[in-house]
Amino acid sequence: MLGVDVVRVFEEARRPLTGYCYRMLGGATDTEDAVQETMLRVVRFADRYDPALGPVQPWWFRIAAHVCVDLWRSGGRGAGAMD
């Protein structure tokens, strides 16, 4: 079970990740899917993160970028990147 601190960190990260994914995908449904998938991958690959590389947030945004690109490529979902 996730600790209270992890849940708090996820909740604090949700808003900026949502904005980032929305700008990449342009749709609310795709955005929510991307944020949820990003958080799942963060948990799944947590053992791959090296704290010596710096703060965890840039790593989360790299994961989010990969998730958004994967969503965009699969079945033509999303409206594409927004200006």
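Taking the range 1-77 and the helices (runs of 4 or more DSSP H) fully enclosed by it, no element has 3 or more residues that are hydroxyl-bearing (Ser, Thr, Tyr) and open to solvent by less than 40 Å² (accessible area, probe 1.4 Å).
Selection of the range 13-52 for residues being over 9 Å from the mean Cα position of the chain (by Cα), within 17 Å of Asp70 (Cβ to Cβ) and of a type in the set (Lys, Arg) yields Arg23, Arg44.
The values are calculated or read from the model by the stated rules, or taken from the named source; none is laboratory data. Quick caveat: nothing in here was measured; it's all calculated off a predicted structure. All Cβ positions, even for glycine, are placed from backbone atoms using ideal geometry, and neighbour counts span all protein chains on display. Side chains included, ligands, DNA and RNA excluded: accessible areas come from the protein's heavy atoms. Shrake-Rupley method; radii C 1.70, N 1.55, O 1.52, S 1.80 Å.
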